[in-house]
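Right, one structure below, let's go through it.
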Amino acid sequence: MVKGHVQRKLAAILVADAVGYSSLMASDEVGTHERFKSLRSDPIDTKIAEHQGRIVKEIGDGLLVEFASVVAAVQCAVEIQEALAERNADRPDHKRIEFRIGIHLGDVIVDGEDIFGDGVNIAARLEGLAAPGGIAISADVRRQVEKKLNVDFEDIGEKELKNISEPVHVYRMKLALKAIQKPVNVLDRPAVAVLPFLNMSGDPEQDYFVDGLTEDIITALSHWRTFPVIARNSTFTYKSSAVDVRKIARELDARFVLEGGVRKAASRIRVTAQLIDAARGHHVWAEKYDRHLTDIFELQDELTQKIAAVVEPAITRAETRRMAVPGTKNVGAWDYYLRGLGLAHQFTGQAHKQARDMFRRALEIDPAYSQAYTGIAQTYLQEIFLKQVDDHAAAVSKVVDAAKKAVSLDDSDSAAHLSLGLGYMWSGMHDAAIEEVQRAIDCNPSNALAYVVLGNVLDVAGRPEEGIPFLETGLRLNPLEPRMHYAMTWLGGAYLNARRYADALAWLQRAASRRSDYALTFLFLAVCLTNLGKRSAAEKALAECEKVEPGFTAAFVRWRAYRNDADNDHMLKGIRDAGGDTFN
């Protein structure tokens, strides 16, 4: 017996949510609120009205909207994102408000002015799968709009959505991207190199703590846009070696060098630091700090403030605020995080597992510690890169999950955005990867790896000419990174994909001379040499590729690494001309 009538209808449901709104409010409550109100009025509410949408309700800093037409819903979402991108173009990063949008077409329950049901829930889950500034839609929506709107889609497959019984096939809409601006030459400005601080305690077990403190200082300084900071992996090549500051400054292309030492005993810490102007050959300042360990975060802030004041006197208050926000206030969680960093930098399978355990212990103490989630994501990324995973797709999923959590906790965390971008790149989601890695650079203009990754993903996405300057910038910011032959190979590959064979050859030969155990270097070299008419040398290069990693050539051909078929065909022809059929 039917006890009551339930009113239902078919509707196009749009859910929009602001990205990192809590972090924006924490840094500038009044300004963020005013900007949010302005954007809600125009373009968001204005566009919704133009396309006959009805705002059902506000959900925190987001909206639930229904449309009678799915075409109208999608067109509205596209216009909103394009208008927001234009509004944000001239705003500094800490004042940008971006939205994710999800759209589904489904049956909903009507209750007065409100609507409920799986149709609403699926749209909400799709919103979480959209990139910042992007739109995620269900297969039902795509079927309705693909021949009616001039838009492209990126298939990200079937997804298990929370509290939804059946998997949902999801697509990301490929919005017209603004051309990515060539990176400014950051090293045209005076750079700072932070050398690894000395462990003065005499206890090797404290190395992780001293190295971690050094890395924290590098990261904090990197948030200033007004001067570049040389990457950690380059400055740490000088660890345990005699220090010739002027020589180091020349090798790193740095004007200022910071060096110092740390002595840790029980709950006390002593830090000595001196900043040297290598160009003039004199000390700018030297300080000694005796503090309780619980004051370590204030000490880091004080150190970085003093360095920045010397290097760039015109420090903006916004940059100072952004730098001064630590990942945690709990020394115990921070200590586990530093232990995890020390293990992760060993770059071995066993060390990665141990590092994850340290990061998870940090999260047991402070569940909101975003950098610990980033650390977890990075250990999985390293294992993927070293081919130490049995299930590649599962490992990539773990990267994305951990990085998304980190970004949700701290949207200004450059490493978190980079990890998420890498996860998207390994998933073949090129546009989402580009957006996240660009965000990583926006958050930290000295993030050398982010420049390298952005250059690489632009290349595989069919935009090698745009990617080349980013790869070159990353190399300049991290000139002594022991594994920088990878970046040299990717730069050579970008020149190769741009059909600039002479430039490609120079970088690939340089990469091969630096390290001879990376198969991709020799595969790219073989393709490059065939296009330069050097068949015999190309055959030798491809044979070397197979010697380094048997089966790599065939795997690369099957992979079809590039988004554009023309780029894959270009590589395939080069491999065949170099005798690649022998290895298939």
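Between GLU66, GLU79, the distinction of being within 21 Å of ASP152 (Cα to Cα) and of a type in the set (Asp, Glu) belongs to GLU79 only.
Conditions tested, residue by residue: (1) of a type in the set (Ser, Thr, Tyr); (2) within 21 Å of HIS345 (Cβ to Cβ).
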position	(1), (2)
GLY375	no, yes
PHE385	no, yes
HIS392	no, no
SER397	yes, no
ALA402	no, yes
ASP411	no, no
HIS417	no, yes
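Inside region 351-410, residues that are open to solvent by 50 Å² or more (accessible area, probe 1.4 Å) and of a type in the set (Gly, Ala, Ser) make up a count of 4.
Condition check ((1) touching a residue at least 60 places away in the same chain (Cβ under 8 Å); (2) assigned to a loop (DSSP other than H, G, I, E, B)) across all residues:
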site	(1), (2)
GLN354	no, no
ALA372	no, no
GLY375	no, no
LYS387	no, yes
ASP431	yes, no
GLU436	yes, no
GLY455	no, no
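Among the aliphatic types (A, V, I, L, M), at pLDDT 85 or above and in a strand (DSSP E or B) - does that describe any residue in region 196-218? Yes, because at least one residue in region 196-218 is among the aliphatic types (A, V, I, L, M), at pLDDT 85 or above and in a strand (DSSP E or B). Here PRO445 fulfils each of the conditions (1) part of a helix (DSSP H, G or I); (2) open to solvent by 10 Å² or more (accessible area, probe 1.4 Å); (3) at pLDDT below 95 apart from (1).
Restricting attention to region 44-63, the residues that are under 15 Å from GLU98 (Cβ atoms) and either among the small types (Gly, Ala, Ser) or at pLDDT 90 or above (or both) total 3. Considering (1) within 30 Å of ALA68 (Cβ to Cβ); (2) open to solvent by 30 Å² or more (accessible area, probe 1.4 Å); (3) at pLDDT below 85; (4) in contact with a helix residue (DSSP H, G or I) (Cβ under 6 Å, 6 or more places away or on another chain), the lone condition that GLN144 does not fulfil carries the number (3). Which of the residues spanning region 123-138 are open to solvent by less than 20 Å² (accessible area, probe 1.4 Å) and aliphatic (A, V, I, L, M)? Correct list: ALA123, LEU126, ALA130, ALA131, ILE135, ALA136, ILE137. The residue of region 54-86 that is most open to solvent (accessible area, probe 1.4 Å), among those that are farther than 22 Å from LYS147 by Cβ and part of a loop (DSSP other than H, G, I, E, B), is GLY60.
A count restricted to region 457-471 and to residues that are touching a Pro at 6+ places or on another chain (Cβ under 6 Å) and either part of a loop (DSSP other than H, G, I, E, B) or open to solvent by 10 Å² or more (accessible area, probe 1.4 Å) (or both) stands at 1. May I ask you to verify whether GLY342 is at pLDDT 80 or above, open to solvent by less than 50 Å² (accessible area, probe 1.4 Å) and not in a helix (DSSP H, G or I)? The answer is no for GLY342. Limited to region 255-272, what total is found for residues that are buried (at least 19 other Cβ atoms within 10 Å of the Cβ), closer than 25 Å to GLY332 by Cβ, aliphatic (A, V, I, L, M) and touching a residue at least 40 places away in the same chain (Cβ under 8 Å)? Total satisfying the criteria: 2.
The values are calculated or read from the model by the stated rules, or taken from the named source; none is laboratory data. Worth saying up front: this structure is predicted, and the values here are computed from it rather than measured. A quick note on method: Cβ atoms are made from the backbone with ideal geometry, for glycine too, and the neighbour counts reach across all protein chains shown. Side chains are part of the model used for accessible areas, which takes the heavy atoms of the whole protein and leaves out ligands, DNA and RNA. Shrake-Rupley method; radii C 1.70, N 1.55, O 1.52, S 1.80 Å.
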